[in-house]
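Working notes for the structure below.
The values are calculated or read from the model by the stated rules, or taken from the named source; none is laboratory data. Nothing here was measured: the structure is a model prediction, and the numbers come from that model. With ideal geometry, Cβ positions are generated from the backbone for all residues, glycine too; neighbour counts draw on all protein chains shown. All accessible areas refer to the heavy atoms of the entire protein, side chains included, with ligands and DNA or RNA removed. Shrake-Rupley method; radii C 1.70, N 1.55, O 1.52, S 1.80 Å.
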Amino acid sequence: MDDIAGKEALLLRGFENYLTAQNRSKNTIRSYTYAARQFFGRYSRITVFNLQSYKLYLLEHYKPRTVNLRINGMNRFLGYIGWTKERIRLIKIQRPVCLEHVISEGDYEYLKIRLLEDKQYFYYFVIRLMAATGARISETVQFTANDIKNGFKSIYSKGNRVRRIYIPKLLQEDMMKWLRKTDRLSGDIFINSQGKRITASGIRKQLKIMAARYHLDKHVMHPHSFRHRFAKSFVKVCDNISLLSDLLGHGSLETTRIYLRRSSFEQKMIVNQVVDW
């Protein structure tokens, strides 16, 4: 099993099919197969020494979260081929004491107003859908007209689990008006000029353009910022972390607890208001 140089391509294809059968997301499949392909691009055999060398290479060239992402992918591949020896250990990542790079409520409302003024309804509903549902960008682009009509979208994730993303009634009504006016009553709703589903990278690019156009902090103008906005706003009115974790599709409550933290700006404001000694 160690010497798989001649079987590499076949194993990688099999690994991809294996992940697909487990209903892994496209991004996960791409990330995990990339890790295995990257490993074989540097080493001809799987050995404990080579696995540890790969970890050192990752530590020297990538940020901690990317390192763990690659390690997860490689460990998953090792499980797929039946490797029984030592796996690669994940590195510990220090949790942030505050949550940064989240668009503020004020800037979010300002952005919506400006997009409506400029009749940019397409991106108005893109960001509103993310901020009102907590959907990831990869999930947002998958929304169809039928999902809006139903008021929810079912997302199938790993382990054949189903997560339901609910669309608030007010947003549902506003989006249905837009869909009727633009004649998008079937199929994908976020499509580009070629009539194809818009990509996540396309949305990221537009958010950076909006940041410059509307003089917003470019560091908070990214897709996940609006998912964070949903979580932060939800916690304000409902302290049910377990429910929020389910709505966000988190595998652990610890992941969700980050939204209980304040940003450094919020921390500073509270200190200035409270401390008078």
For the pair Arg65 and Glu8, what calculated FRET efficiency results from E = 1/(1 + (r/R0)^6), where r is the Cβ-Cβ distance and R0 = 22 Å, to the nearest 0.05? 0.25
Pick out, in residue order, every one of the trypsin sites (Lys or Arg not before Pro) in region 170-226 that is DSSP loop and has at most 14 other C-beta atoms within 10 Å; say none if there are none. Lys196, Lys218
Take the Cα gyration tensor of the chain, multiply each eigenvalue by 5, square-root it, and list the three semi-axes largest first, rounded to whole angstrom. 37, 26, 18
State the volume of the convex hull built on the alpha-carbon positions of region 57-151, expressed per residue in Å³ and rounded to an integer. 186 Å³
Nearest-ten-degree value, helix 105-117 long axis tilted from longest Cα axis of the chain: 70 degrees
Once both axes come from the Cα atoms, what is the angle between helix 64-80 and the longest principal axis of the chain, in degrees from 0 to 90, rounded to 10? 50 degrees
For the chain, accessible area per residue (1.4 Å probe, heavy atoms of protein chains only), Å²: 59 Å²
Net lengthening on full extension, Leu90/Asn150 (0.36 nm per residue, minus Cα-Cα): 17.5 nm
Count the lysine pairs in region 58-214 whose Cα atoms lie under 21 Å apart, taking only pairs 8 or more positions apart in sequence or on different chains. 21
Can you work out D for region 74-227 in µm² s⁻¹ from Stokes-Einstein, where Rh is the Kirkwood radius over C-alpha pairs, the temperature is 37 °C and the viscosity is 0.692 mPa s? 185 µm²/s
Between 0 and 90 degrees, rounded to the nearest ten: what's the tilt of helix 121-133 against the longest Cα principal axis of the chain? 70 degrees
For Ser233 and Val48, calculate 0.36 nm times their separation in residues minus their Cα-Cα distance, and state this gained length in nm to one decimal. 62.0 nm
Taking 0.36 nm per residue of separation and subtracting the Cα-Cα distance, what length does fully extending Tyr80 through Asn23 add? 19.0 nm
Computed FRET efficiency, Cβ-Cβ of Ser186 and Arg37, R0 41 Å: what is it to the nearest 0.05? 0.60
Only loop residues by DSSP count here, and only those with at most 13 other Cβ atoms within 10 Å; note down the trypsin sites (Lys or Arg not before Pro) in region 11-46 that meet that. Arg45
Dipole magnitude of the chain about its Cα centre (Cβ charges: Lys, Arg +1; Asp, Glu -1), debye to nearest 20: 540 debye
Among Ala9, Phe143, Met210, which residue has its Cα furthest toward the positive end of the charge dipole of the chain, with +1 on Lys/Arg Cβ and -1 on Asp/Glu Cβ? Ala9
Suppose R0 equals 30 Å; then what is the FRET efficiency for Tyr121 and Ala200 from their Cβ-Cβ distance, rounded to the nearest 0.05? 0.90
